[in-house]
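The block underneath contains the structure these notes are about, expressed in structure tokens.
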Amino acid sequence: VKEPAELAALQTAVDITLASLADAFVIARPGAWEFQAEAAIEAGFRRRGASFRAFPSICGSGPNGCVLHYRDNERQLGAGELLLMDVGARYGGYCADVTRTIPVSGEFTPRQRELYELVLATQRRCEAALRPGTTMKEVHQVAVRSFEDAGYREAFRHGVGHHLGLR
């Protein structure tokens with residue numbers, strides 16, 4: 001349960017995070033480095049009034065985008081690869097956590113598009129299941145069923161989300 005001021009601080013942290021991710025989208029091209037995306041995001045946090053990051057930023061390209069909690073951020077981005085960014089700004093003590101995956105070359109390959117669409121459809125199914133009183137476990141099961149329906153259950157090895165708030 002959050003007070004209106006707490007919700008406003010969380011929303012500001014999310015807004016700052018989203019705007020700073022857009023800074024990295026411009027940087028993320030073949031030949032750039034993961035740490036350059038990280039630097040663009042974290043500089044954006046500070047420029048937009050965040051006290052800093054909520055947790056160490058993850059900017060993983062190619063095979064690094066599949067490593068849970070990857071934090072080295074030191075690989076060069078290659079053409080045709082994806083860049084996963086899991087980042088969050090901290091504002092007024094409240095933390096955001098947003099993940100975005102983008103094609104480094106500017107367009108998804110057909111296979112990347114297929115998987116992106118699966119994840120997006122799963123997100124929408126989870127959002128549709130949200131109601132007061134719904135548990136995280138119930139929402140997680142919606143995601144599991146979505147991946148099972150698509151034949152990718154073994155690829156879903158993480159939780160669907162977690163709480164946000166103070167740090």
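In a helix (DSSP H, G or I), open to solvent by less than 30 Å² (accessible area, probe 1.4 Å) and free of Cβ contacts under 8 Å to residues at least 60 places away in the same chain, is that true of V119?
The answer is no for V119.
Working only within the stretch 22-31, note down all residues that are part of a helix (DSSP H, G or I) and open to solvent by 10 Å² or more (accessible area, probe 1.4 Å).
Selection gives A22, D23, F25, V26, I27.
Scan the stretch 140-159 and report the pairs whose first residue is charged (D, E, K, R) and whose second residue is outside any helix (DSSP H, G or I), with Cβ atoms within less than 8 Å and a gap of 6+ or a chain change.
R157/L68
Considering R90, R124, which residue is closer than 23 Å to T17 by Cα, among the basic types (K, R) and either in a loop (DSSP other than H, G, I, E, B) or in contact with a strand residue (DSSP E or B) (Cβ under 7 Å, 6 or more places away or on another chain) (or both)?
On inspection, the qualifying residue turns out to be R90.
Within the group P110, P132, which residue is without any contact (Cβ under 8 Å) to a residue 12 or more places away in the chain and farther than 30 Å from G78 by Cα?
P132
Could you list, in sequence order, all residues of the stretch 1-21 that are touching a helix residue (DSSP H, G or I) at 6+ places or on another chain (Cβ under 8 Å) and either in a helix (DSSP H, G or I) or open to solvent by less than 40 Å² (accessible area, probe 1.4 Å) (or both)?
I16, T17, A19, S20, L21
Looking for something free of Cβ contacts under 8 Å to residues at least 40 places away in the same chain and of a type in the set (S, T, N, Q) - is there at least one such residue anywhere in the stretch 10-17?
yes
What residue, among those in the stretch 152-166 that are open to solvent by less than 50 Å² (accessible area, probe 1.4 Å) and modelled with pLDDT of 80 or more, is farthest from T99 (Cα to Cα)?
For the stretch 152-166, the residue satisfying everything is Y152.
The values are calculated or read from the model by the stated rules, or taken from the named source; none is laboratory data. All values derive from a computational prediction rather than experimental measurement. For neighbour counting, all protein chains shown are included, and Cβ atoms are generated from backbone atoms with ideal geometry for every residue, glycine included. These accessible areas exclude ligands, DNA and RNA; they are computed on the full protein's heavy atoms, side chains included. Shrake-Rupley method; radii C 1.70, N 1.55, O 1.52, S 1.80 Å.
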